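Everything below concerns the one structure shown next.
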Amino acid sequence: MLLAMSVAELTSYKIPESVLVVIHTPDLRVLMLERADRPGFWQCVTGSLDAPDEPLDHTARREVREETGIAGGELLDWRLTNVYEIYPVWRHRYAPGVTHNTEHVFGLAVPAEVAVQLSPREHLQYRWLPWREAADLCFSPSNAEAILQLPRFIATES
């Protein structure tokens, strides 16, 4: 089915491969963002690759900058991958027949809670929360599970 689509049609769809970036401080406070298109839905930074060959660490840095304005910090690929079913409400963003996304998890250590410059079309507000509270706030199970892994990765980042 995808072979019958033009290049223009294919490039207008999101790539079903993305990053999830858990931005955190050394004392395990996590940055949470409230989605603009779904008020009440809280998450970490997420975003799809812009091109199939975009390196995952570049996607992670780009998404962090776009969604928060944060340009620094120590990025670590946690080498965790989630494959999940795309919520039906967002499937129209993907090519016809695409139902699953592959998500790569990263951590971004920042020295302290930093001020965030939100992208208003993407997020309404932000909060820095202790890691367990942040996990409880997530609407996405894969996002919550990533945050619950944070203490394990703090040891490897140090």
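The values are calculated or read from the model by the stated rules, or taken from the named source; none is laboratory data. It should be emphasised that the depicted structure is a prediction, and the values quoted were computed from it without experimental measurement. Virtual Cβ from ideal backbone geometry, glycine too; neighbours counted across all protein chains shown. Only protein heavy atoms, including side chains, enter the accessible area calculation; ligands, DNA and RNA are left aside. Shrake-Rupley method; radii C 1.70, N 1.55, O 1.52, S 1.80 Å.
Applying a threshold of 6 Å to beta carbon distances and a minimum spacing of six or more residues, or different chains, the list of pairs starting in the stretch 62-84 at a residue that is under 13 Å from Gln117 (Cα atoms) and free of Cβ contacts under 8 Å to residues at least 12 places away in the same chain and ending at one that is surrounded by 13 or more Cβ atoms within 10 Å (Cβ to Cβ) and among the charged types (D, E, K, R) reads Ala71/Arg65. In the stretch 42-70, the qualifying residues are those that are touching a Ser or Thr at 6+ places or on another chain (Cβ under 8 Å) and assigned to a loop (DSSP other than H, G, I, E, B), and the one that is least open to solvent (accessible area, probe 1.4 Å) is Leu49. Checking the stretch 75-88 against the condition returns no match, with no residue being of a type outside the set (Phe, Trp, Tyr), more than 21 Å from Lys14 (Cβ to Cβ) and at pLDDT below 95.
Assess whether Val89 counts as being surrounded by fewer than 16 Cβ atoms within 10 Å (Cβ to Cβ) and either more than 11 Å from Pro16 (Cβ to Cβ) or in contact (Cβ under 8 Å) with a residue 60 or more places away in the chain (or both). Yes. Among the residues of this structure, Glu103 does not count as one that is touching a strand residue (DSSP E or B) at 6+ places or on another chain (Cβ under 7 Å), surrounded by fewer than 12 Cβ atoms within 10 Å (Cβ to Cβ) and on the phi < 0 side of the Ramachandran plot.
Listed conditions (1) assigned to a strand (DSSP E or B); (2) modelled with pLDDT of 95 or more; (3) open to solvent by 50 Å² or more (accessible area, probe 1.4 Å) are all met by Glu113, apart from (1).
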